[in-house]
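First the structure, in the form of structure tokens, and then the observations on it.
A short reminder: the numbers here are calculations on the coordinates, not readings from a lab. Being a predicted model, the structure only gives us computed values, none of them experimental. As a convention, Cβ positions derive from the backbone with ideal geometry for all residues, glycine included, and neighbour counts pool all protein chains shown.
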Amino acid sequence: MVGADLLGKVLMVGHGDGAVSGRITETEAYTSDDAASHSFNGRTARNAVMFGRPGHLYVYLSYGIHRCANVVTGTDGDGQAVLIRSVDPLSGLDEIRRRRAGRNDGELTNGPGKLCAGLGIDLADSGIDLADPASSVRIMDDGTPAPDEPIVGPRIGITKSVDTPWRFRAPPRQL
DNA sequence: AAAGAGATGGTCT
DNA sequence: GACCATCTCTTTT
């Protein structure tokens, strides 16, 4: 599985009236033989869920401030994950705006730290099963297909394996 | 419009 | 004690 498969899927947080969601528009893949990956140096307490079962959520603290959300993709014991880099708000817009007070609508969830803040994904959510309808965070397929030709490019914000083009973005959405 | 720097804390050496 | 899979604000063209 590669990151491009997640494009177009719906990331949903919470249940009922308080639920918020967004459509995934940009991802990055990380594997265990990739020097830029958290899993590169083997399993540790922090990255343990990356080595767990696929379809689970891996959340880590970035730069001491932000949270970043990943979908574990490798088989059990393999240490692969896909970082969700950007999302288009889909439902619960009022709540998202409230959490991201002072920002333009276009800047609500267009970054890995921003989308976690806007949707309310926290470190405590790490390890949950994204496919379980009872989970507080889950990924759903509403029938929207992944783009035929995702934009592929280099990953962002890393210092190692910079040349590996494992960033995937949905083409600009037409209105 | 673009470029630079500070914030801030867990994790690993 | 250094290193970050980032964001925002401030300063400079």
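In segment A:35-78, Cα pairs under 8 Å separated by at least six residues give a relative contact order of 36 percent. Fewest-first ordering of A:Phe51, A:Phe168, A:Phe40 by other beta carbons within 10 Å of each residue's beta carbon gives A:Phe40, A:Phe51, A:Phe168. Evaluated with a Cβ-only charge set (Lys, Arg +1; Asp, Glu -1), chain A carries a dipole of roughly 580 debye about its Cα centre, given to the nearest 20. Shape analysis of segment A:1-58 places it in the oblate category; the axes a ≥ b ≥ c from the Cα gyration tensor give an a/c of at least 1.5, with a/b not above b/c.
As a rough footprinting exposure proxy, the listed residues A:Leu83, A:Leu7, A:Leu115 were ranked by other beta carbons within 10 Å of their own, and the order from fewest upward is A:Leu7, A:Leu83, A:Leu115. In order along segment A:87-104, the phi-based Karplus estimate (6.51 cos²θ - 1.76 cosθ + 1.60, θ = phi - 60°) of 3J(HN,Hα) comes to 9, 9, x, 10, 9, x, 4, 4, 5, 5, 4, 5, 5, 10, 3, x, 9, 5 Hz; Gly and Pro are listed as x. Taking the number of Cβ atoms within 10 Å of each Cβ as an exposure proxy, the fewest-first ranking of A:Tyr60, A:Tyr30 is A:Tyr60, A:Tyr30. Here the Karplus curve 6.51 cos²θ - 1.76 cosθ + 1.60, taken at θ = phi - 60°, turns the phi angles of segment A:126-137 into couplings of 4, x, 6, 8, 6, 8, 7, x, 7, 5, 6, 10 Hz, with x standing for Gly and Pro.
Each of A:Ile121, A:Ile156, A:Pro133 was placed along the dipole of segment A:103-175 (beta-carbon charges, centred on the mean Cα), and the one lying farthest toward the positive end is A:Ile156. Look at the alpha carbon pairs under 8 Å that are at least 6 residues apart: their mean separation over the length of chain A gives a relative contact order of 28 percent.
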